[in-house]
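Undergrad: Just passing along the structure, written as structure tokens.
The numbers here are math on the coordinates, done by the rules we state, and not lab data. It should be emphasised that the depicted structure is a prediction, and the values quoted were computed from it without experimental measurement. Don't worry about glycine lacking a Cβ; one is built from the backbone with ideal geometry, like all the others, and counts go over all protein chains shown.
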Amino acid sequence: MSRPLDFGMFDWLDAGTDTTAALYEARLRLVEMAERAGFHGYHMAEHHGTRLGMAPSPALFLAALTQRTSRIRFGPMAYLLPLYHPLRLAEELCMLDHLSGGRVEMGVGRGVSPYEQRCFGVDPEEARARFDETLEILRAAMTEDVVNHTGTHYRFEGVPMPIKPLQKPYPPLWYPSFTDSGTTYAAEQGYNYMCIGPPPVVAKLTTLYRKVWAEHRDRPGRLNGHVQTPRIGVMRQVFIADSDAQAMDIAAAAYAHFYRSITELWHRHGDNTYDEFFRWENCLAGETVLVGSPATVREKIRNVVAAGDIDYFVGSFAWGSLTPAQSERSLALFVSEIMPALRDAAA
């Protein structure tokens, strides 16, 4: 089920050191650069109640992106389904698909943070059930003219759905995970899949994905069954400069800013669950953050792509206190010094 290596961009849209308006404009310019370079997709996180996510309404930001790009595909990674009214989300997705000319990629998830779920009055213990029910309704709303549903959390009788997505039957689905159970679920349903973690973890999870996917590939009713060859991706934070020392000096300070953002909501509740997972030294050692010269970063990407037989490498090029100029320079080096070599090696 392998395919040629392709490239994508991931973005938390976390707060930097400039204004929020400047943050949005800088990110839009960065995605324009990615499109010119031939990136396949742009994937943005959804977060609430924290500076980690300064675009808490992904569809609103992506609607702006439809007017600044014409080819790159995009979508949330992922919509936190327990927080949404399913019919309203279906309508917004259909609109976005038409505004973009059919470029939406639809990531879905429950959300990792119970504190974000509670911001919306959602009991974390109900998140799985809400996810399943919302996804069931979402699928019906995008494929049926009238929605009828009786469930635990929602009840709809004869609700007309005149708007449908441009892509049929609906946009491709994605599921991000770094656990065995999440990976198994993604493979059973045929989702496009994105994982994180050190290369040995990536190798284990992608092997599991391929095994389960092969076992279920002919099963009718899979949620992403309309995608014959799902992408198998890995995400890495990336910063590239002319030398290893220069890159490390800049990235270390920028990551300290990012670390505060990604842990702040947890710390506000006295919870240190993910401190070690995101600690700078651990991320460098586990190669989930790739920092250095083009040659150094290229070799580390080659290692993780080979370890997991990855066909989709997704880099996050803007995070923490990196300035727009630093992110753009890092991306330019990636495009000129790394992408061609990786594509040649994969071919």
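Undergrad: Give me the distance in nm between label points sitting 7 Å out from Cα along the Cα-to-Cβ direction at His269 and Thr150, one decimal.
TA: The modelled label-to-label distance comes out at 3.5 nm.
Undergrad: Among Glu281, Glu136, Glu125, whose mean-square fluctuation peaks in a Gaussian network model of the chain (Cα, cutoff 10 Å)?
TA: It is Glu125.
Undergrad: Let's see if you can work this out: charge +1 on each Lys and Arg Cβ, -1 on each Asp and Glu Cβ, no other charges. What is the dipole magnitude of the chain about its Cα centre, in debye to the nearest 20?
TA: 620
Undergrad: Take the Cβ-Cβ distance between Ile163 and Ala64 as r, set R0 to 22 Å, and report the resulting FRET efficiency rounded to the nearest 0.05.
TA: The value I calculate is 0.65.
Undergrad: Taking only Cα atoms of the stretch 178-217, what ratio of Rg to Rh do you get with Rh as the Kirkwood inverse-distance radius?
TA: Across the stretch 178-217, the Cα-based Rg/Rh ratio is 0.94.
Undergrad: A further question follows. Give the distance, in whole Å, between the Cα centre of the stretch 89-143 and the Cα centre of the stretch 1-77.
TA: If we compute the Cα centre of each part, the gap is 18 Å.
Undergrad: Can you list the aspartates and glutamates whose alpha carbon is less than 15 Å from that of Lys211, not counting same-chain residues fewer than 8 positions off?
TA: Asp180, Glu188, Asp309
Undergrad: Given C-alpha coordinates of the stretch 75-114, what is the ratio Rg to Rh with the Kirkwood estimate of Rh?
TA: Rg divided by Rh gives 1.01.
Undergrad: With a 10 Å cut-off between alpha carbons and a GNM built on the chain, which of Cys195, Cys283, Cys119 moves the most?
TA: Sorting by GNM fluctuation, first place goes to Cys119.
Undergrad: To the nearest 0.05, how large is the calculated FRET efficiency for Phe277 and Glu32 if R₀ is 41 Å and r is the Cβ-Cβ distance?
TA: 0.80
Undergrad: Expressed as a fraction of 2.2 N^0.38 Å, the rule-of-thumb size for a compact globular protein of N residues, what is the C-alpha radius of gyration of the stretch 179-323?
TA: Computed over Cα atoms of the stretch 179-323, the ratio equals 1.18.
Undergrad: So if each residue of separation counts as 0.36 nm, and I subtract the Cα-Cα distance between Val112 and His85, what length gain in nm does that give?
TA: 7.8 nm
Undergrad: Sticking with this one: Percent relative contact order of the stretch 1-134, based on C-alpha pairs within less than 8 angstrom and at least six residues apart?
TA: Across the stretch 1-134, relative contact order equals 23 percent.
Undergrad: Only helical DSSP H runs with n ≥ 4 go in: add -39500 (n - 2.57) per run for the chain, normalise by residue count and round the 222 nm mean residue ellipticity to 500 deg cm²/dmol.
TA: Result for the chain: -14500 deg cm²/dmol, rounded to the nearest 500.
Undergrad: So, one more: Who wins for biggest fluctuation among Ala45, Ala141, Ala64 in a Gaussian network model of the chain, springs between alpha carbons below 10 Å?
TA: Maximum fluctuation in the GNM of the chain, among the listed residues, is at Ala64.
Undergrad: Name the residue from Pro124, Gly75, Pro86 whose Cα lies farthest towards the positive end of the charge dipole of the stretch 57-144, charges +1 on Cβ of Lys and Arg and -1 on Cβ of Asp and Glu.
TA: Gly75
Undergrad: While we're looking at this one, here's another question. Aspartates and glutamates near Lys168 by alpha-carbon distance under 20 Å, same-chain residues fewer than 8 away left out - which ones?
TA: Lys168 reaches Glu91, Glu92, Asp97, Glu105, Glu136, Glu144, Asp145, Asp218.
Undergrad: Semi-axes, largest first, in whole Å: what does sqrt of 5 times each Cα gyration tensor eigenvalue give for the stretch 247-347?
TA: 27, 17, 11
Undergrad: Also, quick follow-up: Among DSSP beta bridges lying fully in the chain, give the percent that are antiparallel, nearest 5.
TA: That works out to approximately 10 percent antiparallel.
Undergrad: Normalised by the residues of the chain, what does the relative contact order come to in percent, with Cα pairs under 8 Å and at least six apart?
TA: 20
Undergrad: If one computes P(r) from the Cα atoms of the chain, what percent of pairs lie at distances over 25 Å?
TA: Cα-Cα pairs of the chain separated by over 25 Å account for 52 percent.
Undergrad: Just to be sure I understand the rule: take each whole DSSP H helix in the chain, project its Cα atoms onto its long axis, keep it if the span is 18 Å or more and its mean Kyte-Doolittle hydropathy is at least -0.5. Which ones pass?
TA: Within the chain the helices that satisfy the rule are 20-36, 86-99, 127-143, 199-216, 244-268, 294-308.
Undergrad: Ok, one more. Using 10 Å bins from zero, what percent of all Cα-Cα pairs in the stretch 1-110 falls into each bin?
TA: Spelled out bin by bin, the stretch 1-110 gives 14, 47, 33, 6, 0 percent.
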